[in-house]
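Asks: Would you mind keeping the following structure in view while I ask a few things?
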Amino acid sequence: MSRFVPPIAFLLALLLLAAPALAQPNFQTLLVGVDHRTVTSLDGDWHYLVDQSPAQALYTGSGQINDRSYAQNTHPDLTGPHNGEYDFATAPTIKVPGDWNTQVPQLFNYEGVVWYQRDFEAQPKPGTRTFLHIGAANYRSHAWVNAKRVCDHEGGYTPFDCEVTAVLHPGSNFVVIAVDATRLADGIPGVGIDWLNYGGLTRDVSLVTVPTAFIDDYNVHLAHGAAFQPGSTELTGYVHVLSGSRDQAAPAGTAVTIDIPEAGVHTTATTGADGRAPFDVKAASLALWSPESPKLYKVTLTSGSGPQQDTITDDIGFRDIRVDGTRILLNGKAVFLRGANMHAEAPVRGGRADNDQDVATIFSYLKDLNANFVRLCHYPHDERMERAADRDGIMIWSEIPLWGGGIAFDNPGLYDKAAFMLNEMVRRDRNKASVILWSISNETRNSPARLEFLTRLANQARRLDSTRPITSALNTEKIEGESATLPDPFANVLDVIGINEYIGWYTGKPEDCDNMHWTLPQKPVIMSEFGAEAKAGNHGPVNQRWTEEQQNSVYLHQIVMLNKIPQLRGTTPWVLMDFRSPTRNIPILQDGYNRKGLISEDGKKKQAFFTLQQAYKDRTLGRPE
């Protein structure tokens, strides 16, 4: 049973550590279920200005945030004071949500600061609070409303909500957001990423208005005991209510109701001193969520009454996921995870995936592959992905971007950032039935500092959510001749072990797979990455690299090897679709793309796609137990 709510004070402390130069105190929370609230969309055309390095409009000479430059949104005036030589009113526009890389050719490889501005109308009402919701902005961002800084955020892939109640006024208002996509050695991810560093306001932006007392967080799930109980209809969780101002909890005894009409649930609960109202209730009937039957229920949560009533209705599925020895059990049944990796890259049009059509195309690829699982690498994706997976019955591995080598695991500040991002991911998506695994890292180098850091983070993930297994993708295997082992002490910390290996591409030849013997811990194993590169339409002999034939050969030999790993419980080859990566610099063959996709960036399926499609259809790859 998971009823842990990270204290808002902890989140604020981390926020202040990341941004010590706030012009005035601001309150920042993370509203759960924003996509199920009525909001005022700020999507559309925004004016933008480029702040070339060293970004003198955003940063002062001492590196502090400059609140007196572009954030003021003044205009040149022939008779007035000098305004710093900028003007949003006559600046070009860019679409939000969207990355600047694919919208402005001159900014394709730009990694710096871009300022965004737009006007909007507002009619603030007494007894309400309004938040500026930003679905994601890569990487550091600072927002001003009517020239007052309302929030600062670090992290490019998770949402944040900044209170603007005190700075709004009736009629015309303006918002200015500075987004800095500069890669940082102490950022997450760091400087050496293997994907295009899409910058900008890459997900939806909106205004969210709620009563003074409102529901900011909730967790509704099937009771998770020591063992799965077939036929169980017990639901449990909490509703958290804020009241007054800033992070003040609702008074103890505040009533909330939980209604799930289709399941025959109507119950009330009351908040404690921490603003959290825990509940346990038995449903009259309950159909559990699974890929074969992705049942979702309308769950309505209410706090307060009259003008101060706050109501949110979410679509939630109920299921049980756990590990038993070397098995992964969904609702008590052993499952094999037939999947693929997927970057948040928009099919065909390119850029960041940020709309319903992008997501529909990606899920059509997964369904065509006969997949029941997807690894959303290497960061939390747009919330539309989880919503689609909930509806379509696709299970998800969700990950924070602790990626690759060179991470300063002995840096306490870096741990704080990782814990903050982990909380944002879990808090946003813990009510999504499709999300079955939390991943805390990918391909990190083995060291004592790394073991301590990631063990702490894994335990924090379990405190945040005790109902899901914890995993990571490891590339610390040791291959000697025909023997492969995983001498990594961090594997002992994980519930499910992910292994990234590229036998036949980076290591050895495809046929080396045939006689490879893996000796692994007695835990469920997902081969979280394997594959080879091929340019779609490039054909040749099976031993000629970069051809579809050679890529397909790697898959055929990998399947032979994978089927001999007794604790293998899932496969996610790298990668579903070709994606942009500036480090891939072989002209004609790559042209700035990682070509390990089963499908090209413009939707062409390669030979290996059909090989894996058939193996998934016939269940000739892997066993659930």
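Asks: Throw me the Rg/Rh for the stretch 449-514, computed over C-alpha atoms with Kirkwood Rh, two decimals. Write down the numbers at each step before the final one.
Replies: Numbers: Rg = 14.8 Å, Rh = 13.5 Å.
Reported Rg/Rh (Cα atoms, Kirkwood Rh): 1.09.
Asks: Now, a different point. Find the relative contact order for the chain and round it to a whole percent, using C-alpha pairs within less than 8 Å whose residues are 6+ positions apart. Intermediate values should be presented prior to the final figure.
Replies: Details: 1507 pairs, mean separation 72.3, N = 625.
It rounds to 12 percent for the chain.
Asks: If you don't mind, another one. What is the local net charge at V164, summed over the other residues whose Cβ is closer than 11 Å to its Cβ (Lys, Arg +1; Asp, Glu -1)? Provide the component values of the computation, followed by the final result.
Replies: Values: positive: R129, K148, R149; negative: D161, E163.
Spelling it out: positives minus negatives among the neighbours equals +1.
Asks: Alpha carbon centre of the stretch 124-175 versus the stretch 505-526: separation in Å?
Replies: 49 Å
Asks: In addition: Provide the net charge surrounding G98, with neighbours chosen by a C-beta distance below 13 Å and charges set as Lys +1, Arg +1, Asp -1, Glu -1.
Replies: Working: positive: K95, R203, R349, R352; negative: D43, D45, D99, D204, D354, D358, D382.
Net charge around G98: -3.
Asks: Once the Cβ-Cβ distance between K95 and T620 is put in as r, and R0 is 60 Å, what FRET efficiency do you end up with, to the nearest 0.05? Can you show the working numbers first?
Replies: Numbers: r = 45 Å, r/R0 = 0.74.
The formula returns an efficiency of 0.85 here.
Asks: Taking the mean number of other Cβ atoms within 10 Å as a proxy for protection, how do you rank 131-143, 71-83 from highest to lowest? Show your work: numbers first, answer last.
Replies: Numbers: 131-143: 25.5, 71-83: 12.4.
Sorting 131-143, 71-83 by mean packing, highest first, produces 131-143, 71-83.
Asks: Next question. HN-Hα J couplings of the stretch 98-115 from phi, Karplus 6.51/-1.76/1.60, θ = phi - 60°, integer Hz, Gly and Pro as x?
Replies: Per residue, the Karplus-derived 3J(HN,Hα) values read x, 8, 7, 4, 9, 9, 10, x, 5, 9, 4, 9, 6, 10, x, 9, 10, 9 Hz.
Asks: Then there's this: P(r) for the stretch 379-467: what percent of alpha-carbon pairs falls in each 5 Å bin, starting at zero?
Replies: In whole percents, the pair-distance histogram is 3, 14, 26, 22, 16, 11, 6, 2, 0.
Asks: While we're here: Let me know the whole percent of all Cα-Cα pairs from the stretch 45-115 that are separated by more than 21 Å. Write down the numbers at each step before the final one.
Replies: Details: 801 of 2485 pairs.
Across the stretch 45-115, Cα pairs with separations above 21 Å total 32 percent.
Asks: Between Q308 and H169, how high is the FRET efficiency from 1/(1 + (r/R0)^6) when r is the Cβ-Cβ distance and R₀ = 22 Å? Nearest 0.05.
Replies: Working: r = 23 Å, r/R0 = 1.03.
Calculated transfer efficiency: 0.45.
Asks: As a test, work out the antiparallel percent of DSSP beta bridges whose residues both lie in the chain, rounded to the nearest 5. The partial results should precede the final answer.
Replies: On the way: 95 of 128 bridges.
In the chain, approximately 75 percent of DSSP beta bridges are antiparallel ones.
Asks: Among 463-474, 390-401, how do they line up by average Cβ neighbours within 10 Å per residue, starting with the highest? Please list the in-between numbers first.
Replies: On the way: 463-474: 20.9, 390-401: 23.2.
Ranked by mean Cβ neighbours within 10 Å, highest first: 390-401, 463-474.
Asks: Are there cysteines in the chain with no other Cys C-beta under 4.7 Å, and if so, which?
Replies: Those would be C377, C513, since no other cysteine Cβ in the chain comes under 4.7 Å of theirs.
Asks: Output the Cα-based Rg and Dmax of the chain in Å, rounding Rg to one decimal and Dmax to a whole number.
Replies: Every Cα atom of the chain included, Rg and Dmax give 24.6, 81 Å.
Asks: Have a look at Y198, A143, M527 and report the one farthest towards the positive end of the charge dipole of the chain, computed about the Cα centre with Cβ charges (Lys/Arg +1, Asp/Glu -1).
Replies: Most positive-ward Cα: M527.
Asks: Quick one: accessible area per residue over the stretch 277-320, 1.4 Å probe, rounded to a whole number of Å²?
Replies: Numbers: 1840 Å² over 44 residues.
Ligands and nucleic acids excluded, the figure is 42 Å² per residue.
Asks: Here's a follow-up. Counting residues in the stretch 417-563 as N, plug N into 2.2 N^0.38 Å and put the Cα Rg over that result. Display every interim value, and only then the final one.
Replies: Details: Rg = 17.7 Å, N = 147, 2.2 N^0.38 = 14.7 Å.
Cα Rg divided by the expected 2.2 N^0.38 Å: 1.21.
Asks: If R₀ is 56 angstrom, what is the calculated FRET efficiency for the pair T361 and L78, using the beta carbon separation as r and rounding to 0.05? Write down the numbers at each step before the final one.
Replies: Working: r = 51 Å, r/R0 = 0.91.
Computed FRET efficiency for T361 and L78 comes out at 0.65.
Asks: What spacing in nm lies between the two simple spin-label points modelled at D186 and K564, each 7 Å away from Cα in the Cβ direction?
Replies: In this crude label model, D186 to K564 measures out at 4.8 nm.
Asks: Measure off, as a whole percent, the carbon and sulfur share of the 1.4 Å-probe accessible area of the stretch 298-363, all protein chains present. Before the final figure, lay out each step's value.
Replies: Working: 1070 of 2180 Å².
Carbon with sulfur: 49 percent of the solvent-accessible area.
Asks: Then there's this: Restricting to Cα pairs below 8 Å that are 6+ residues apart, what does the relative contact order work out to for the stretch 275-345? Please round to a whole percent.
Replies: On the way: 69 pairs, mean separation 14.7, N = 71.
After rounding, I find 21 percent.
Asks: Helix-only estimate, please: 222 nm mean residue ellipticity of the chain, summing -39500 (n - 2.57) across DSSP H runs of length 4 or more and dividing by its residues, to the nearest 500. All intermediate terms of the calculation are to be shown ahead of the outcome.
Replies: On the way: 7 runs with 96 residues, N = 625.
Mean residue ellipticity at 222 nm (helix-derived): -5000 deg cm²/dmol.
Asks: Then there is this: Just report the Cα centroid separation between the stretch 36-80 and the stretch 270-336, whole Å.
Replies: One Cα centre to the other: 41 Å.
Asks: If the viscosity is 0.692 mPa s and the temperature 37 °C, what Stokes-Einstein diffusion coefficient in µm²/s follows for the stretch 232-313 when Rh is the Kirkwood radius over Cα pairs?
Replies: Numbers: Rh = 13.7 Å.
The Stokes-Einstein estimate is 239 µm²/s.
Asks: Now a separate question. In Å², and per residue, what accessible area does the stretch 34-131 have when probed at 1.4 Å with the other protein chains present?
Replies: For the stretch 34-131, the solvent-accessible area averages 54 Å² per residue.
Asks: How much area per residue is accessible in the stretch 537-625 when the probe is 1.4 Å and only protein heavy atoms are counted (Å²)?
Replies: For the stretch 537-625, the per-residue accessible area is 40 Å².
Asks: Could you work out how far apart the two model spin labels at T38 and A255 are, taking each label as a point 7 Å from the Cα in the direction of the beta carbon, and quote it in nm?
Replies: 2.4 nm
Asks: Another question, then. Tell me, Kirkwood radius of the stretch 519-625 from alpha-carbon pair distances, in Å? Let's see the in-between values first.
Replies: Values: mean 1/r = 0.0693 Å⁻¹.
With all distinct Cα pairs of the stretch 519-625 included, I get 14.4 Å.
Asks: Note down the relative contact order for the stretch 29-107 as a percent, whole number, built from C-alpha pairs under 8 angstrom at least six residues apart.
Replies: Values: 66 pairs, mean separation 26.2, N = 79.
Here the relative contact order equals 33 percent.
The values are calculated or read from the model by the stated rules, or taken from the named source; none is laboratory data. Model, not experiment: these values are computed from the prediction. FYI the Cβ positions are ideal-geometry reconstructions off the backbone, even for glycines, and counts take in every protein chain you see. Remember, those area values only see protein heavy atoms, side chains included, never the ligands or the DNA or RNA. Shrake-Rupley method; radii C 1.70, N 1.55, O 1.52, S 1.80 Å.
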